[in-house]
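The values are calculated or read from the model by the stated rules, or taken from the named source; none is laboratory data. What you see is a predicted model; the values in this text were computed from it and never measured. Positions of Cβ are generated from backbone atoms using ideal geometry, with glycine treated the same way; all protein chains shown enter the neighbour counts. Accessible surface areas use protein heavy atoms only, side chains included; no ligands, DNA or RNA. Shrake-Rupley method; radii C 1.70, N 1.55, O 1.52, S 1.80 Å.
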Amino acid sequence: MHLPLTGYRIVSAEQYGAGPYGTMHLAQLGAEVIKIEPPGKSGPDGKRRGGGDTARAVGPHFLRPGESLYFQSFNLNKKSLTLDLHTDEGQEILHRLVSTSHAVANNMRGDLPARLGLDYAALAGVNPAIVCAHLSAYGRDNARARWPGYDYLMQAEAGYCSLTGEPGGEPQRMGLSMVDFMTGTLFAIGLLAALVDAQRSGKGRDVDTDLLSAAIHQTSYPALWYMNEGDESGREPRSAHPTATPSQMFRAADGWMFVMCQLPKFWDILTQTIGRTDLADDPRFADNAARRANRDALTQLLDEEFGKQPMAHWQDLLAGTVPVAPVYGLGAALDNPWLRETGMRDSVDHPDREDMQILASPIRLDGARLPNRAAPLLGENSDSLLGELGYDADAVGKLRDKGVI
């Protein structure tokens, strides 16, 4: 497969989740993503400790000490170069890399890119076309630039926790770090847009996104409802849609399922298909406004009906005519045969585990999923990359002895 980003080199000083998630998409699309990781410090026994992306140490599941399955989730298809950017030698290596690269990415705290020479002001003299993409918690140009920040904090401040869960319950975060993933995706989009322009104009630039801005932007139509009409959305029972009814979870005989009658036609099809046209004729449920006003009564009646059969029965009966899905646990979701059928489960070989199970990219090219390889071991590509940059084996050894790599 010819991948569209083949030939593009992206250097990324990244760690943990949001930034690596974004650059992994670029690596899967063919870019050479060189992940810069701190080399760690030598102890009294001469052994190096504490190096690498902090994600390598996130448990509970490891391929070997310091090489976690968590790290594999965000770093497929990349290369690893250990490099201390605080040293003069590290900066020299960075500049040599930048001279042959198209973009430099980072997801550091907002005040750090300028201090470590990762912004356009520091690198334009090395490569005028270089794109410098920054992902931070709160941005690089405001009073919070020095603040550390994480996904869960953004869910709290952006209002997500007040929108999630049952009415009257405690605030709840989403079960996954969705702000990290949304921001990482926007980060990659911004980088690519700036890269397209740099290829045309010969001039790079800085491009920024931050976790809180991305989280706020995703409040979307409820934000406009509030800002223009003072209408503040809250929690809905059964995770229901704020306006369409019925569009919520219901109880089947063996568990929960989600039914979404977002359009009037789906309500008509639902009542006909399950043999309950009496509900469609009931004035309490005559239209969406009436159904919303009488949602508790409608929920009870549909629970009674759906409770007569298991989820699989209703999914088979309604599939393709009314939007419906079973509410799976994570294990059942990942064991769903549909993922095998569509190719969303993949496997790669790792030095410590053959046939390591991974998730495939959701992007397809000409109908085919993107190829994958395991995330790199710490510093796996340091020697080869430095050799490319003109460092011989003796020079590489000296850099390693000094803790630069």
Given (1) touching a residue at least 40 places away in the same chain (Cβ under 8 Å); (2) surrounded by 14 or more Cβ atoms within 10 Å (Cβ to Cβ); (3) more than 11 Å from Ala133 (Cα to Cα), index of the condition Gly190 fails: (3)
Residue match in the stretch 139-151 (condition: open to solvent by 20 Å² or more (accessible area, probe 1.4 Å), assigned by the TED database to the domain that holds Leu26 and assigned to a helix (DSSP H, G or I)): no
Strands (runs of 3 or more DSSP E) within the stretch 14-121 that include 1 or more residues open to solvent by 30 Å² or more (accessible area, probe 1.4 Å): 32-37, 62-64, 79-82
All positions within the stretch 340-362 that are touching a Lys or Arg at 6+ places or on another chain (Cβ under 8 Å), surrounded by fewer than 14 Cβ atoms within 10 Å (Cβ to Cβ) and not in a strand (DSSP E or B): Gly343, Asp352
For Lys398: the one exception among (1) open to solvent by 70 Å² or more (accessible area, probe 1.4 Å); (2) basic (Lys, Arg); (3) closer than 28 Å to Met1 by Cβ: (3)
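Is it the case, given these coordinates, that Asp282 is out of contact with any Lys or Arg (no Cβ under 6 Å at 6 or more places or on another chain), crowded, with 17+ Cβ neighbours inside 10 Å, under 30 Å from Ser80 (Cα atoms) and without any contact (Cβ under 8 Å) to a residue 60 or more places away in the chain? Step through it out loud before you land on a result.
Working: out of contact with any Lys or Arg (no Cβ under 6 Å at 6 or more places or on another chain): yes; crowded, with 17+ Cβ neighbours inside 10 Å: yes; under 30 Å from Ser80 (Cα atoms): no; without any contact (Cβ under 8 Å) to a residue 60 or more places away in the chain: yes.
Here the answer is no, as Asp282 does not meet what is asked.
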Residue that is most open to solvent (accessible area, probe 1.4 Å) [pool: residues in the stretch 285-312 that are free of Cβ contacts under 8 Å to residues at least 12 places away in the same chain and more than 17 Å from Glu236 (Cα to Cα)]: Glu304
Residue within the stretch 207-220 that is surrounded by fewer than 19 Cβ atoms within 10 Å (Cβ to Cβ), at pLDDT 95 or above, in a helix (DSSP H, G or I) and aliphatic (A, V, I, L, M) present: yes
Of the criteria (1) among the aliphatic types (A, V, I, L, M); (2) assigned to a loop (DSSP other than H, G, I, E, B); (3) open to solvent by 40 Å² or more (accessible area, probe 1.4 Å), which one Ala129 fails: (3)
